[in-house]
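Below: one structure, written as structure tokens.
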Amino acid sequence: MIDAATVIEEVLATGNAARFRARGDSMHPSIRSNDLLEVERVDPASIRRGDVVLARLSRGLTAHRVVRITREGWFITRGDNAPGDDEPFTAGAIVGRVRARRMSPVWFAMRRAFRALRKRATATASPRS
């Protein structure tokens, strides 16, 4: 069975960006569970602190923010909503860099519903002539 990382790496090898749905809340609020992420192939030498990278870690494919790069070439990442750093890894574990995110359809539906409620509340609260 082919894992998600292999599929993403194969797509990136063709020069295209790969898209996948985020799972989990470790990057909340910048990335929410079910957001659509777009990842691009990246030269590890171009990665800087603050970038969000997709890497193969012992727990599986993980998209976390780079918090430090050591002089020895180890990358240290952490989820924005996580209490501690991930295990250090080398450039070979990097699948790509997250370049874009699109919020989940559920988020857009909730925003539309909220705006409609606010509009209705404003209309009923306004004095009529």
Close pairs (9 angstrom Cβ cut-off, 6 or more residues apart or separate chains): in contact (Cβ under 8 Å) with a residue 40 or more places away in the chain and within 22 Å of residue 91 (Cβ to Cβ) in the range 23-49, aromatic (Phe, Trp, Tyr) and part of a strand (DSSP E or B) anywhere: 37/20; 38/20; 39/20; 44/75; 47/75
Checklist (1) outside any loop (DSSP other than H, G, I, E, B); (2) modelled with pLDDT under 95 applied to residue 128, failing item: (1)
Residues satisfying the stated conditions in the range 71-89, i.e. without any contact (Cβ under 8 Å) to a residue 24 or more places away in the chain and under 15 Å from residue 51 (Cα atoms): 74, 76, 78, 85
Condition check for residue 45: within 26 Å of residue 7 (Cβ to Cβ), modelled with pLDDT of 90 or more and within 16 Å of the chain's Cα centre (by Cα): no
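The values are calculated or read from the model by the stated rules, or taken from the named source; none is laboratory data. Just so it is clear, the model here is predicted, and its values are computed rather than measured. Here the Cβ is made from the backbone with ideal geometry for all residues, glycine too, and neighbour counts use every protein chain on show.
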